[in-house]
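The values are calculated or read from the model by the stated rules, or taken from the named source; none is laboratory data. From a predicted model like this one, the values you see are computed outputs, not experimental measurements. Note: ideal-geometry Cβ built from the backbone for every residue, glycine included; neighbour counts use all protein chains shown. These area figures cover heavy atoms from the full protein model, side chains too; ligands, DNA and RNA do not enter into them. Shrake-Rupley method; radii C 1.70, N 1.55, O 1.52, S 1.80 Å.
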Amino acid sequence: MKARPQPPARNRLSPEQVDALNAEAFELRMSDTPRALQLAQQAHDQALAIDPPRGLAYALLRWSLCEFILGLPVAPLQARLDQAHSLLEALGEVPGHLDALNLQALIQERLGSYEQALLLHQRALELARLHRLARAEARALSNMAVTRMTLGQLPEALELLQHSLSLAEQSGSIVDQAYALGQLGQVLQGIGEMELAAEHLQRSLRCARQTQDLARQATSALDLGALLSKLSQHAEARLHLDEALTLSRRTGNVNDLGQALLGLGQSCLRQGDMGAARAAFEEARPLAERAGDIPTLCSIELGLADMWNAGDELDQAQSALARALAQATNSRLSALASQAHRALSELAEQRGEHALALQHYKAHHACEQRLLGEHSQQRLRGLFARQQAQALSQELQAARQADQEKQALLTQLSAQADLLRQLSHEDGLTGLANRRWLDLLLEQEFERAARFRHPLSLAMLDLDHFKAVNDRFGHKVGDAVLRQVGRLLRDHCRRADVVARYGGEEFTLLLVETPLPLASQLCDKLRQQVERFDWRSLHPDLHAITVSMGLAGNAEAHEPEALCALADGRLYSAKNEGRNCVRPPPSPMPT
């Protein structure tokens, strides 16, 4: 580090005045970062002149933090931070030690070293617990959760954030509540709970507005605006995105500004305003590059690719997607890699490169399986079920101990229990069986079919080009399409059959006591029902929806998992062979 000139003796401050400069820098770090940096540098120069080690340590820490927020190069600030950390640890300054650990973890995340970041967050958590600092513990848990989310580890993030929110509420810290609620909103988006996510993000913004933390306000407004944009509530979304942009420009926080511009660009893209979208993406890119923010850079490339694709500039779209995929793969960002593979699959299909399209589609599916594999889904549902069961048990206990006034509560709780049982079986959007219930029924039916030597068939189907429906008409129309497909499947299957939503735009049919040839004929009839339905009844410009189906029978598989894998592989074949078909194809009807 280059030495800075010391102030003349007559202008030197006392140790108490140095502490005051550091305190002011800390207060301004999120609302006026450039000014906070000046104060920290002034405190540093004064501390060097009068040699108070505590003042020097905190000045180095605040200086490093401000440069990190402003997106300046990591190497100089990391050297400064290492010096501050050593001093603070030696002096036994626990709050400063915790702040240094957190900043070191953030630097490691910026460099893509997520395991190292988790170790540093874990050290901060242990230190906070050792000294019984509830607020610091809440912050460490939230910080760990953010890293877990970046790695696609949603169940772990959910557990950490629930604990963090509980601690923040107990300590009465509004800003920590805002932070935990905001991150919970992001996790809930990741598992498809959009309405619940919106509620958490609205609560986060209300909490943030009660504080002086402009950066938290900007992030909460940005997260809520981005979600509302996905839900096609564009006018309200734009208000929140503009608020986030204004606040981040005011604070000078480069990361927040880049995120706000990204959110604005994605919103403009959904509304078809390609010029505004491109301007926002291009302004965000150098900020993300300066901050080393790989997730934002990937998202920018994905947004640009959508923009180029809409304008039939396929070469530029492919280049942007290739950059996004390389960045996501190198940083092990599975969710973004999944988006890139899927977009590349659709682009390859547009060009007639079917083998390449299938290759990317399989890679997309593999990423999705890693993100929302069976184990993770069971853990997520288990977490919600345990919470609901605990709350229900506590309320029922209270009801039993009360008299006539409590009887009404008991009745209400019984209804809630029935609702919880229903929700544990049903998909919230379509009312069909959900993945968890399907897995249970498949095991039962597979065992029963083997015991009595009855045939059992399983079909997996996927809506063709469904992303284009969401992109063109919005998620509200997309949800209506999913519900209608669910109704068509349910109405044309027997009551004994199981119709389930597997996830996203994928559905599963469990056809009991049905041999494969008959199942293939039934699936082809269902395919025709979907193709012939008047989709313009949902939207005047929605002309056609088709499905691809893969089918397998229990005679071909020795266990339920193998049956699913075989049907899934045939679904890929149907996709590769032109879509809107059943594989294997139906046999001719006997004459």
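Here are the numbers:
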| quantity | calculated |
| --- | --- |
| Pairs, first more than 15 Å from D223 (Cβ to Cβ) in segment 143-166, second surrounded by fewer than 21 Cβ atoms within 10 Å (Cβ to Cβ) and among the charged types (D, E, K, R), C-beta under 8 Å, six or more apart | R148/E156; L151/R332; G152/R370; P155/R379 |
| Members of segment 243-264 found to be surrounded by fewer than 24 Cβ atoms within 10 Å (Cβ to Cβ) and more than 16 Å from I69 (Cα to Cα), listed by number | E243, T246 |
| Cβ pairs under 6 Å, 6+ apart, first in segment 170-184 and hydroxyl-bearing (S, T, Y), second in a helix (DSSP H, G or I) | S171/A134; S171/R135; S173/R135; Y179/S142 |
| Subset tally (residues that are assigned to a helix (DSSP H, G or I) and either on the phi > 0 side of the Ramachandran plot or open to solvent by 10 Å² or more (accessible area, probe 1.4 Å) (or both)) for segment 152-183 | 18 |
| Residue check for S31: closer than 27 Å to A128 by Cβ, open to solvent by 20 Å² or more (accessible area, probe 1.4 Å), out of contact with any Lys or Arg (no Cβ under 7 Å at 6 or more places or on another chain) and at pLDDT below 85 | yes |
| Members of segment 514-558 found to be outside any helix (DSSP H, G or I), out of contact with any Phe, Trp or Tyr (no Cβ under 9 Å at 6 or more places or on another chain) and open to solvent by 60 Å² or more (accessible area, probe 1.4 Å), listed by number | D534, P540, H558 |
| Output for segment 91-111, where each listed residue is open to solvent by 30 Å² or more (accessible area, probe 1.4 Å) and either β-branched (V, I, T) or not in a helix (DSSP H, G or I) (or both) | G92, E93, L111 |
| Per-region count, segment 1-28, residues of a type in the set (G, A, S) and either at pLDDT 85 or above or touching a Cys at 6+ places or on another chain (Cβ under 9 Å) (or both) | 3 |
| Every pair of residues 6+ apart whose Cβ atoms lie under 8 Å, when the first sits in segment 320-336 and is more than 9 Å from E301 (Cβ to Cβ) while the second is of a type in the set (A, V, I, L, M, F, W, C) and open to solvent by 50 Å² or more (accessible area, probe 1.4 Å) | none |
| Residues that are part of a helix (DSSP H, G or I), among the acidic types (D, E) and either over 27 Å from Q350 (Cβ atoms) or open to solvent by 20 Å² or more (accessible area, probe 1.4 Å) (or both), drawn from segment 283-311 | E283, E289, D306 |
| Per-region count, segment 424-470, residues on the phi > 0 side of the Ramachandran plot and open to solvent by less than 70 Å² (accessible area, probe 1.4 Å) | 1 |
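Yes or no, residue by residue, for (1) at pLDDT below 90; (2) touching a helix residue (DSSP H, G or I) at 6+ places or on another chain (Cβ under 7 Å):
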{"site": "Q83", "(1), (2)": "yes, yes"}
{"site": "E89", "(1), (2)": "yes, yes"}
{"site": "D99", "(1), (2)": "no, yes"}
{"site": "R110", "(1), (2)": "yes, yes"}
{"site": "S113", "(1), (2)": "yes, no"}
{"site": "Q116", "(1), (2)": "no, yes"}
{"site": "L120", "(1), (2)": "no, yes"}
{"site": "L127", "(1), (2)": "no, yes"}
{"site": "L130", "(1), (2)": "no, no"}
